[in-house]
Amino acid sequence: MTEPLLPSPAGRTVRILLADDHAQIRDRIATVLTDAGYTVVGAVADGLEAVNAEGPLQPDVLVLDVSMPRLTGLEVAQQVRRRGSSTVIICLTAHPPEEMLQPAWDAGAIGYVSKLSMMRDLVPAIEEGLQGRRFVSKRFELASPPES
């Protein structure tokens, strides 16, 4: 069983906003995070909803699907950062790092989690992000062909 995570620097429970256009994925993520001791303060289905919810909800962590309708996860991250928010941003994606990792960092993300390993990697990515450290799923390394 996963130990409850550390509270945010303000001493309160870590509050998370989820943004993914697939309801089943949002539900799975919410269950994993709740079981890990986090508080899920919102779950939205597209990027515009994420931007509109982030300000009023003031989450400690924003988990963003990279590919969403209306605004992509990277566009959401850029807008959130432009507003001056310091929320920890974790990107959730099926895109390999060579396609989207640098754009994710440039947009203000600190974590890059494979959807294929999100059940294992999301909590560690959040823990690392809360400590100010970057995280990239090892799943992407496993998917790379061996060098000859």
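The values are calculated or read from the model by the stated rules, or taken from the named source; none is laboratory data. Bear in mind that the values here come from a model prediction, so they are computed numbers and not experimental data. Heads up, the Cβs are rebuilt from the backbone with ideal geometry, glycines too, and the neighbour counts pull from every protein chain shown.
Assess whether G73 counts as being under 17 Å from R26 (Cα atoms), small (G, A, S), in contact (Cβ under 8 Å) with a residue 40 or more places away in the chain and buried (at least 18 other Cβ atoms within 10 Å of the Cβ).
Judged against the criteria, G73 is a match.
Do you know which residues across the stretch 79-103 are at pLDDT below 90, touching a helix residue (DSSP H, G or I) at 6+ places or on another chain (Cβ under 8 Å) and either assigned to a loop (DSSP other than H, G, I, E, B) or of a type outside the set (V, I, T) (or both)?
A94, P96, P97, M100
Just need a number here: residues in the stretch 37-48 that are assigned to a loop (DSSP other than H, G, I, E, B) and under 21 Å from G73 (Cβ atoms).
Matching residues across the stretch 37-48 total 3.
Checking the structure you have, find out if any residue of the stretch 131-139 is crowded, with 19+ Cβ neighbours inside 10 Å, of a type in the set (S, T, N, Q) and not in a helix (DSSP H, G or I).
Looking through the stretch 131-139, at least one residue is crowded, with 19+ Cβ neighbours inside 10 Å, of a type in the set (S, T, N, Q) and not in a helix (DSSP H, G or I).
In the stretch 104-128, how many residues are surrounded by fewer than 22 Cβ atoms within 10 Å (Cβ to Cβ), small (G, A, S) and assigned to a helix (DSSP H, G or I)?
The qualifying residues number 1.
State which residue pairs qualify: first residue free of Cβ contacts under 8 Å to residues at least 60 places away in the same chain and inside the stretch 49-67, second residue part of a helix (DSSP H, G or I) and among the polar types (S, T, N, Q) in any location, beta carbons under 7 Å apart, and separation of 6 or more residues or different chains.
Hits for this filter: V51/Q79.
I need every pair where a residue in the stretch 102-125 that is at positive phi and free of Cβ contacts under 8 Å to residues at least 60 places away in the same chain has its Cβ under 6 Å from the Cβ of a residue that is crowded, with 23+ Cβ neighbours inside 10 Å and assigned to a strand (DSSP E or B), sequence separation at least 6 or different chains.
Partner pairs satisfying both residue conditions: G108/I89.
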